[in-house]
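Read the structure below first, then the notes.
The values are calculated or read from the model by the stated rules, or taken from the named source; none is laboratory data. Predicted model, so just to flag it, every value in this text is computed and none were measured. Positions of Cβ are generated from backbone atoms using ideal geometry, with glycine treated the same way; all protein chains shown enter the neighbour counts. Note: accessible area is taken over every heavy atom of the protein model, side chains too, but ligands, DNA and RNA are not part of it. Shrake-Rupley method; radii C 1.70, N 1.55, O 1.52, S 1.80 Å.
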Amino acid sequence: IAPGEGVLLWINGRQIDGNHRVYPGDEIKVEGLREREEARVELRLSADEMSAEAIYRPPRNIYYEISEHPPVEELTIPATRKEEISGPDLEPGQIKKILADGGVIHGIKEPAILELINEAGHWREVAAGTPPVQGRDGSVEYLIKEGLQPVSYNGEEGQVDYKRRYKIPQVNKGQLIAKIHPPRPGKPGLTVSGRELLPEPVSPAKVRCEIGTAFNREGTGVVATRNGVPTSRRGREILFRVDDIYLHRGDIDIKTGHADFSGHLKISGGIAEGMRVKADGNIEIAGHTSGAEITAGGGIIINRNCIQCLVRAGWLSYQLHKINQCYDELVLNTGSLLEMGRELISVLEERGSSSDFQVSFLLRSLMQKKFPGLPELSAEILGLGQELAQELPASLLPVLENCNSLLKDAGFLLTWDLLEAAHRELAEQRALLKYTAPETAGISVYYVQNSKLICPGDIEIGGPGAYNSVLECEGRVRVTRIFRGGSIKAGGDIYIGEAGIPRLAEGQGLIETGSDGEVKVEKIYENTRIKIGKPEIYLERDLKRVRFYLNEEGEIKLGGFQ
């Protein structure tokens, strides 16, 4: 005989654990086991300690009932296990203490504690760790787009220029081109056992400023230190620079659209018909130009042919010089109009017939008869002022707009008080309108035909020559080979290899320079006009290696040269 599970066996007063032989007359006592299990909580943690699960075991009584069994030679006494829940449950506070004793002290879920008791016998997550919040490395915010950008038009624009297709991103000196954001440190986390989890370390953005750029005073951004095209190289270290020379690869044509740049512009190709190219600095063109408009604040170099083009170098100085001249004329004419008007008003007052209406009518009539070009002059100055707004005092443009509104439409709104006030404002602003002598921006071209070249510096034609073209400059002109048709107007000396057309009976054009200049020609044909200062001569025969200059009496003289 042997006791089964949950069975207590005694033979002759001695408890038996294993098999034991029994004989007739032995005293056998059998009893079912009775146990008591108190309420308890079992706990398990995840490998990374970021989660804790628990199961609640309620209090219970366990007992075994001995089953009947027929006689056999060998018997293992069987019993049936039975349980009954009995006794009070644990309180939430007691469960928390059990969790703490098991090492779970962080991230405990209060609702899960109650659910643990209500759903006894089921594993449930009772605590969750707090993962670390990762920080952010320092970063750079780019405020300027790089590369050619398509030009977009909205529906409100009355006119669309289909040849203006792309624009070159440009920045002005002092403009913020990038923001530097500092690193943002992360926050540490905790496992359910309270162990700290550190976030990954963060580092600031690595930024280097190259030519044309610098950090702002706070070190939070990159600013341009000159006008030009912003570029950057992105990698582990971010490099910024602003180039004042923009290289356009290929031709300027209908595919690329017009080109407008605030610095120096270099074109590896040519310029197609109908295109406009403008730069505040120098322009160099490697290819041919035909039917184009080329304007530069500095000098212009065209390494190939220039045909049917308008070429203007030193345009800013040229325009400033022009607005100064026109402004002086406007101040003078409005002052003269006031003086003449004042005399006529005196006559009306003597006759006792002066009225505001009569004075206004008188001023309009006087302007139409004596100063008919005044409204047009005012409109021209306003246009120049709007074009050069960034170069002029901010207070000047409103004055020009007011004057133009008074004089337009033949002075329809003109009154004595308004004219007097407008003239006074113009005179006051004159002192602010500064002007310096034009820069020596010049033009160098290989070959010119049917074009107009204007600049404050020198003009040089180094190839076959210039045909049927107009050359105007404040400096010198040098045409290495042939000049035929058109005109030359220079402020300094002029040199020409061959001027005019053989056996042409009519006028050959005009070659003009200032009174301090001279004209040297290797070969010049009859019927060519030479003007130095005010004197002018008309050649009656062909000449070779001749120099034209003014003598002390102010007459044009001819001589040779080495």
What does the convex hull of the Cα atoms of the chain come to per residue, in Å³, rounded to a whole number? 354
Could you work out the helix-only [θ] at 222 nm for the chain, with each DSSP H run of four or more residues adding -39,500 (n - 2.57) and the total divided by the number of residues, to the nearest 500 deg cm²/dmol? -7000 deg cm²/dmol
Using a 1.4 Å probe on the protein heavy atoms only, what accessible surface does V359 show? Give it in Å² to the nearest 10. 10
Placing +1 at every Lys and Arg Cβ and -1 at every Asp and Glu Cβ, with all other atoms neutral, what dipole size does the chain have around its Cα centre, in debye to the nearest 20? 2360
If the cut-off is a Cα-Cα distance under 25 Å, which lysines reach K278, setting aside same-chain residues fewer than 8 apart in sequence? K145, K163, K167, K173, K255, K266, K322, K434, K452, K489
Cβ-Cβ FRET estimate between V72 and T130, R0 fixed at 56 Å, reported to 0.05: 0.30
At a Förster radius of 25 Å, what calculated FRET efficiency corresponds to the Cβ-Cβ distance of Q390 and A431, to the nearest 0.05? 0.80
Using 0.36 nm per residue of separation minus the Cα-Cα distance, give me the extension gain between K187 and D89 in nm, one decimal. 31.3 nm
Order the peptides 179-185, 417-423, 486-492 from the highest to the lowest mean number of other Cβ atoms within 10 Å of their residues. 486-492, 417-423, 179-185
For the chain, which whole percent of the accessible surface, found with a 1.4 angstrom probe, sits on carbon and sulfur atoms? 48
Can you tell me the Rg and Dmax of region 34-109, counting just the alpha carbons, in angstroms? 19.5, 62
Region 205-327: C-alpha gyration tensor shape, a/c 1.5 cut-off, then a/b vs b/c: oblate
By Kyte-Doolittle mean hydropathy of at least -1.0 and Cα axial length of at least 27 Å, which whole DSSP H helices of the chain are selected? 315-351
Quickly rank 530-539, 195-204 as a protection proxy: mean count of other C-beta atoms within 10 Å, highest first. 530-539, 195-204
If the chain between R81 and R57 were fully extended at 0.36 nm per residue, the gain over the current Cα-Cα distance would be 6.9 nm
Could you tell me which of G352, A431, A410 has its Cα farthest along the dipole of region 316-436 towards the positive end, charges placed at Cβ (Lys, Arg +1; Asp, Glu -1), taken about the Cα centre? A410
For the chain, what does the accessible surface come to per residue with a 1.4 Å probe? Please give it in Å². 56
Take peptides 285-297, 247-259 and line them up by average Cβ neighbours within 10 Å, highest first, as a rough protection proxy. 285-297, 247-259
Expressed in nm to one decimal, what extension gain is obtained for the pair R236 and R44 from 0.36 nm per residue of sequence separation less their Cα-Cα distance? 64.6 nm
